[in-house]
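Novice: Please read through the structure below; I'll follow up with questions.
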Amino acid sequence: MTAPFPFSAIVGQDEMKRAMVLTAIDPGIGGVLVFGDRGTGKSTAVRALAALLPEIKAVAGCPVNSEKLERCPDWAEIGSKRVVKKPTPVIDLPLGATEDRVVGALDIERALSRGEKAFEPGLLARANRGYLYIDEVNLLEDHIVDLLLDVAQSGENVVEREGLSIRHAARFVLVGSGNPEEGELRPQLLDRFGLSVEVKSPDDIAERIEVIRRRDDYENDRDAFLKRWHRKDAKLRREILTARDMVKQVETPEQTLVDCAELCVALGSDGLRGELTLLRAARALAAFEGAGSVERAHLRKIAPSALRHRLRRDPLDEAGSTQRVGRAMADLFGAFKTAAE
């Protein structure tokens, strides 16, 4: 298997990388949507994230990566109680995938050879406790979108067909990428992504040259390139693990709750998912930066990612969603002068 491009070696695209790191610290943030031009490193970042993520503990042979034997589904034939370490799953959901491949179906081979009804797990089972990645997510078929919405809300995959009645845990971080020129995303699915980032081709000549240089080095001598960046990836992995341990200890001042609510009201975002996502992402960012409490500076950094995809269209306002979020923060919080304000 070809080793992916190192996460730390990706040039620029800081907002995208930060969003992915935050979901690794707190998967409850709800996933990342990456929209942008072709060739801007969207897929590369997701592949790199897979190699960066810390390992998980799972029962050997469990089809849904359960950490404890009692959490393995009844239909799974587990031949061992041994708990092993394995890479955090990052599973691709192809655009042409059938519903059976996504949710699972009757094991035809076993039914024909033994006359037994057995369940063959799908992609959702493999993605449990990990990431489910959809490239060109805006082109996903509607019936698969509906299915993902149901599972994302409940955290459980339910299969009722062909005499089977199957349930299993399906909690994963949804990562989608796409080109906005090829179509918009359904609002229901758009709202399920915790963070949304926009990536563009760099305008800076030096930055473009550095992208070319690193990619060329990776293609020409992959082992040497991976070795060169291994230390930085390992350092980032340790920082993620440290942030995971301290994120629940980060204090949330009352003013932070007020700021979250006032910002979302000012932007007219629907529901309360915006506030909740903004708060969780800001707390994860504070943990990653080693802060003991969530500050307004953390909200400023993460608010565009958490809120830009939740805004209603305003035909009288030609500004983009990112500019609208920035303008609302400036009105409420004032000019951003220092990191600690």
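Novice: Please compute the length gained on full extension between THR242 and LEU69, using 0.36 nm multiplied by the number of residues separating them and subtracting their Cα-Cα distance.
Specialist: Gain on extension, THR242 to LEU69, equals 59.6 nm.
Novice: Measuring from centroid to centroid over Cα atoms, what is the spacing of region 266-297 and region 125-194 in Å?
Specialist: First find each Cα centre; the distance between them is then 24 Å.
Novice: Leaving ligands, DNA and RNA out of it, report the carbon-plus-sulfur percent of the accessible area of the chain at a 1.4 Å probe. Intermediate values should be presented prior to the final figure.
Specialist: Details: 8690 of 17840 Å².
Exposed carbon and sulfur together represent 49 percent of the surface.
Novice: Now for a separate question. Once phi is turned into ³J(HN,Hα) by the Karplus curve 6.51 cos²θ - 1.76 cosθ + 1.60 with θ = phi - 60°, what whole-Hz value does each residue of region 189-203 show in order, with x for glycine and proline?
Specialist: Listing the rounded values in order: 6, 4, 5, 7, 7, x, 10, 10, 10, 10, 10, 9, 5, x, 8 Hz.
Novice: With every protein chain present, what accessible area does ASP135 have (1.4 Å probe, heavy atoms only), rounded to the nearest 10 Å²?
Specialist: Probe radius 1.4 Å; accessible area of ASP135 about 60 Å².
Novice: Follow-up. For the residue pair GLU181 and GLU99, what label-to-label distance in nm results when each label sits 7 Å from Cα along the Cα-to-beta-carbon direction?
Specialist: 3.5 nm
Novice: Same structure, new question: Enumerate the amide H contacts of ILE91 below 5 Å, restricted to partners 5 or more residues apart or on another chain; note that Pro and chain-start residues carry no placed amide H.
Specialist: When sequence neighbours closer than 5 places are left aside, the close amide H contacts are TYR131, LEU132, TYR133.
Novice: Using a 7 Å offset from the Cα along the Cα-to-Cβ direction at both GLN323 and SER154, what is the distance between the two label points in nm, to one decimal?
Specialist: The modelled label-to-label distance comes out at 4.4 nm.
Novice: In whole Å, largest first, what are the principal axis extents of the Cα atoms in region 190-327?
Specialist: 52, 41, 25
Novice: Run the quick spin-label model on LEU147 and ASP92: label points 7 Å from Cα toward the beta carbon, then report their separation in nm to one decimal.
Specialist: 1.8 nm
Novice: Just to confirm the filter: which GluC sites (Glu not before Pro) across region 53-96 are DSSP coil and have at most 11 other Cβ within 10 angstrom of their Cβ?
Specialist: Hits after loop and neighbour filter: GLU55, GLU77.
Novice: One quarter of the convex hull surface, Cα atoms only: what value does that give for region 15-173 in nm²? It would help to have the intermediate numbers written out before the result.
Specialist: Numbers: hull surface 40.9 nm².
Over all viewing directions, region 15-173 projects a mean Cα-hull area of 10.2 nm².
Novice: Share of Cα-Cα pairs in region 232-307 beyond 21 Å, in percent?
Specialist: Details: 805 of 2850 pairs.
The answer is 28 percent, as a whole percent.
Novice: Here is a further query. Calculate the FRET efficiency for ALA224 and ARG82 from the Cβ-Cβ distance with a Förster distance of 41 Å, rounded to the nearest 0.05.
Specialist: Computed FRET efficiency for ALA224 and ARG82 comes out at 0.65.
Novice: Output the pairs from LYS200/LYS248; LYS57/LYS248; LYS17/LYS248; LYS42/LYS235; LYS68/LYS232 with a Cα-Cα distance over 28 Å in this structure; if there are none, say none.
Specialist: Pairs exceeding the cut-off: LYS200/LYS248; LYS68/LYS232.
The values are calculated or read from the model by the stated rules, or taken from the named source; none is laboratory data. Quick caveat, the model's predicted, so the values are computed rather than measured. Cβ coordinates were reconstructed from backbone atoms using ideal geometry, including for glycine residues, and neighbour counts include every protein chain displayed. These accessible areas exclude ligands, DNA and RNA; they are computed on the full protein's heavy atoms, side chains included. Shrake-Rupley method; radii C 1.70, N 1.55, O 1.52, S 1.80 Å.
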